[in-house]
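To start, the structure itself, in structure tokens.
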């Protein structure tokens with residue numbers, strides 16, 4: 001029987017420093033769907049807090065309640081804590097709780113799956129203890145029933161002996177001793193019937209507990225499997241830059257086969273991990289079973305190559321006198337190959353000749369050649 005619920009943890013500000021002297025409330029969800037505060041405390045200078053609930057309200061507790069941590073003004077600080085239950089006490093651990101911390105879908109699901117697994121383990125332990133207690137009670141009831149049956153059997157023998165004596169005597173009706181023995185047997189039989197009914201009720205209760213126990217174990221195992229999958233997904237999530245490069249390379253491979261791409265966007269659903277640096281896209285199986293509202297999205301733009309009509313007719317800019325770096329910023333958006341050739345001349349580092357000339361027509365196949373001066377010719 002649970003006699004106390006103890007809540008603990010450390011409350012931090014978004015910058016990771018202790019949130020000292022703030023009021024924290026331990027709340028549970030009632031059958032009416034409302035949240036009731038069952039314990040209140042104030043964080044210490046180090047941000048730690050301890051909450052404790054005792055009372056008659058815990059005596060009828062049969063399942064792990066839904067608990068959460070709330071601030072003094074009612075804001076929800078944390079839900080689904082790690083729960084460990086012993087025979088007389090339930091420990092509710094909220095760990096390091098950050099006020100107003102940024103949410104991350106994958107990390108949140110990992111933490112929730114971890115907490116749910118611990119909660120189910122605690123409920124399983126409570127059910128297992130209750131099953132053990134009921135087995136002991138059932139064993140005692142069986143012993144009581146057997147003892148009563150033995151007493152009834154002895155009383156039946158005694159009654160038969162009395163009946164034999166009566167038949168051998170000249171008495172016309174049973175005597176007082178025979179009446180007392182009959183009443184005692186009736187009392188014992190009624191007590192045996194009551195014991196049988198109680199025994200059946202306890203066995204039915206034990207069967208119900210066993211079914212709930214098996215259900216909790218199955219749900220716990222399913223959560224552990226999901227937890228392992230989520231951890232594997234987080235470890236396998238590629239860097240977003242790597243993902244973008246992979247998509248770009250695939251698109252270039254499609255273009256190399258002569259397929260023209262339309263202007264579009266590629267949107268992937270999945271989980272962000274590692275503080276938003278990594279992204280794990282869903283596969284087909286995950287898409288069919290994961291709630292899309294809990295997923296993140298990432299988009300990549302697709303721009304097709306300019307058509308011949310768009311590329312032909314462009315004029316060559318005038319880059320004479322510029323450095324190759326400055327000229328590159330002007331010429332690279334044109335999408336043409338650029339060859340830089342060093343030659344004798346001045347001013348050093350400047351472009352002194354270009355081909356095509358300024359205003360010349362640029363076709364798709366045009367290669368732009370820039371002659372860069374390296375200084376006067378050195379004499380031997």
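The values are calculated or read from the model by the stated rules, or taken from the named source; none is laboratory data. Because the structure is a prediction, the values reported are computed rather than measured. Don't worry about glycine lacking a Cβ; one is built from the backbone with ideal geometry, like all the others, and counts go over all protein chains shown.
Key figures
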{"quantity": "Positions within segment 338-377 being closer than 15 Å to residue 319 by Cβ, under 60 Å from the mean Cα position of the chain (by Cα) and not in a strand (DSSP E or B), in sequence order", "calculated": "366"}
{"quantity": "Residue check, residue 145 assigned to a helix (DSSP H, G or I) and at pLDDT 80 or above", "calculated": "yes"}
{"quantity": "Where residue 118 falls short, out of the listed (1) at pLDDT 75 or above; (2) in contact with a strand residue (DSSP E or B) (Cβ under 7 Å, 6 or more places away or on another chain)", "calculated": "(1)"}
{"quantity": "Matching residues, segment 116-143, being crowded, with 16+ Cβ neighbours inside 10 Å and either farther than 19 Å from residue 86 by Cβ or over 55 Å from the mean Cα position of the chain (by Cα) (or both)", "calculated": "116, 138, 141"}
{"quantity": "Some residue of segment 51-60 being at pLDDT below 80, touching a helix residue (DSSP H, G or I) at 6+ places or on another chain (Cβ under 7 Å) and outside the structural domain of residue 208 (by TED's automatic domain parsing)", "calculated": "no"}
{"quantity": "Scan of segment 260-286 for residues that are assigned to a loop (DSSP other than H, G, I, E, B) and either at pLDDT 70 or above or surrounded by 11 or more Cβ atoms within 10 Å (Cβ to Cβ) (or both), ordered by number", "calculated": "261, 277, 282, 283"}
{"quantity": "Identity of the residue in segment 221-239, in a helix (DSSP H, G or I) and out of contact with any helix residue (DSSP H, G or I) (no Cβ under 8 Å at 6 or more places or on another chain), that ends up modelled with the highest pLDDT", "calculated": "221"}
{"quantity": "Residue in segment 330-351 that is in contact with a helix residue (DSSP H, G or I) (Cβ under 8 Å, 6 or more places away or on another chain), buried (at least 16 other Cβ atoms within 10 Å of the Cβ) and at pLDDT 75 or above present", "calculated": "yes"}
